[in-house]
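Working notes, beginning with the structure itself.
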Amino acid sequence: MKYRARTLEAAFARASAQFPAVLVTGPRQVGKTSLLRHLASGDRTYVTLDDPLVRDLAKREPALFLQRFKLPIIIDEIQYAPELLPLIKMSIDQDRRPGQFWLTGSQQFQVMKGVAESLAGRVAVLQLAGFTRRELLGKAQALPFVPSEELLRQAGQEESVGLDALYQQIWRGTLPGLHSALDVDRDLFLSSYVQTYLQRDIRDLANIGNELAFLRFLKATAARTGQLLNLADLSRDSDISQVTAKHWLSILVASGLVYLLAPWHSNLTKRLVKTPKLYFLDTGLATWLTSWTSPATLEAGAMAGAILETWVVSELVRGWWHAGKEAPLYFYRDKDQKEIDVLIHLDGKLYPLEIKKSAQPGADSTKSFSAASNLGEGRGAGAVLCLTPNWLPFTQQDFLVGVGLI
């Protein structure tokens, strides 16, 4: 499969020039190994712990493993042999040259526990998700989206996307394997992906005994993408306890499949305990789990608005992650029913975003943006992300922006 450039390459290069170890986390099949092997250009030892024999050596004789495989090295799926981490720490403490260890991990929950204990201060951690739209267009150098006129003028040169093409991309999803060739069977690929994911990762991580119950939970979660998290509803529809639902959801979040968008509150503690909104990070997987059989039926169906919002939020999240940064994204809802779909909190300002499945949003689309001026931060430019082909000024401070430009 031909390699596609990833936005994360620049952030990875900076991290590798500064830290002795760099860890790339993310779900399976999002291109972590391809990214690192491409950047290594054959000048680095590569070893994968998916290989049972190699994994056995790493677990039984971690010191021998590091003697056998010479530095600099790529170690794929490091979560399978946490026994290596103390030895990697010792190696780094003896030689702190940057870029000696490149690591990948698909089970972020397990990986981060071991890394926090063993490699604190020695490792940079980066997150990789599926392709962004810009990466699919071959324009991986894009900056994270912020509705500034300067950035919009640059993005205005990008290829706009029509309604049919947009929902085709939403329906197909972001996993690299689905974009390796035009004739890849999307349903077969995603069916195999879910089965493999259940067997290899989630069962080990969450100690799941009832795979059918977990599949029901996945489908119920996908059906609620773009909605406020309601564990009671999730547990009822999945026929599991709320405790189990909360645990399984935490695994999906830690594995990079689900993103919880926190509500904005000037008090950080209150922000953490209020109800978040739930989003699947791969719309292809979400639409497969909810049984949408074609882009056309999806666009005309009951989930069309929620899935468009999900796609926009996931594009925003991936844009920040692939720039090597945490996503400074929130939503807003108050007791007066004022809602803002997304708030970007950057450099002491809040940039409000509204998402509309319309090519000509009404003048009231920005009516809630005034709330952003009263949240204890400065108010930056806002944007109505919609189906317009390009971008143009909408109010004195806000823009209409085609979703293909984010």
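The values are calculated or read from the model by the stated rules, or taken from the named source; none is laboratory data. Quick caveat: nothing in here was measured; it's all calculated off a predicted structure. Positions of Cβ are generated from backbone atoms using ideal geometry, with glycine treated the same way; all protein chains shown enter the neighbour counts. Note: areas computed on protein heavy atoms with side chains; ligands, DNA, RNA excluded. Shrake-Rupley method; radii C 1.70, N 1.55, O 1.52, S 1.80 Å.
Computed quantities for the displayed model
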read-out: Given (1) of a type in the set (K, R); (2) touching a residue at least 12 places away in the same chain (Cβ under 8 Å); (3) more than 24 Å from G173 (Cα to Cα), index of the condition K335 fails; value: (2)
read-out: Elements of type helices (runs of 4 or more DSSP H) in the stretch 210-287, at least 1 residues being touching a helix residue (DSSP H, G or I) at 6+ places or on another chain (Cβ under 9 Å) and among the small types (G, A, S); value: 211-223, 231-238, 242-254
read-out: Criterion: within 15 Å of P144 (Cβ to Cβ), open to solvent by 60 Å² or more (accessible area, probe 1.4 Å), assigned to a loop (DSSP other than H, G, I, E, B) and not small (G, A, S) - qualifying residue of K325, K357, K335; value: K325
read-out: Hits in the stretch 364-386 - residues which are open to solvent by 40 Å² or more (accessible area, probe 1.4 Å) and either under 29 Å from K139 (Cβ atoms) or part of a loop (DSSP other than H, G, I, E, B) (or both); value: G376, E377
read-out: Close pairs (6 angstrom Cβ cut-off, 6 or more residues apart or separate chains): touching a residue at least 40 places away in the same chain (Cβ under 8 Å) in the stretch 166-192, of a type in the set (S, T, N, Q) and part of a helix (DSSP H, G or I) anywhere; value: I170/T283; W171/T287; G173/T283
read-out: Residue match in the stretch 51-73 (condition: within 25 Å of the chain's Cα centre (by Cα) and either aliphatic (A, V, I, L, M) or crowded, with 18+ Cβ neighbours inside 10 Å (or both)); value: no
read-out: Qualifying position, being open to solvent by less than 20 Å² (accessible area, probe 1.4 Å), in a helix (DSSP H, G or I) and at pLDDT 95 or above, among L85, L35; value: L35
read-out: Filtered residues of the stretch 13-32 (kept if of a type in the set (S, T, N, Q) and surrounded by 14 or more Cβ atoms within 10 Å (Cβ to Cβ)); value: S16, T25, Q29
read-out: Residue that is farther than 22 Å from A142 by Cα, of a type outside the set (F, W, Y) and at pLDDT 95 or above, where the choices are R14, R60; value: R60
read-out: Answer from A5, A21, A15, A63 - the residue that is out of contact with any strand residue (DSSP E or B) (no Cβ under 6 Å at 6 or more places or on another chain) and under 26 Å from G256 (Cα atoms); value: A5
read-out: Whichever residue in the stretch 17-27 is assigned to a loop (DSSP other than H, G, I, E, B) and touching a Gly at 6+ places or on another chain (Cβ under 8 Å) and, among such residues, is farthest from L143 (Cα to Cα); value: P20
read-out: D341 vs. criteria surrounded by fewer than 23 Cβ atoms within 10 Å (Cβ to Cβ), outside any helix (DSSP H, G or I) and modelled with pLDDT under 95; value: no
read-out: Check on A306, closer than 21 Å to L228 by Cα, modelled with pLDDT under 90 and touching a strand residue (DSSP E or B) at 6+ places or on another chain (Cβ under 8 Å); value: no
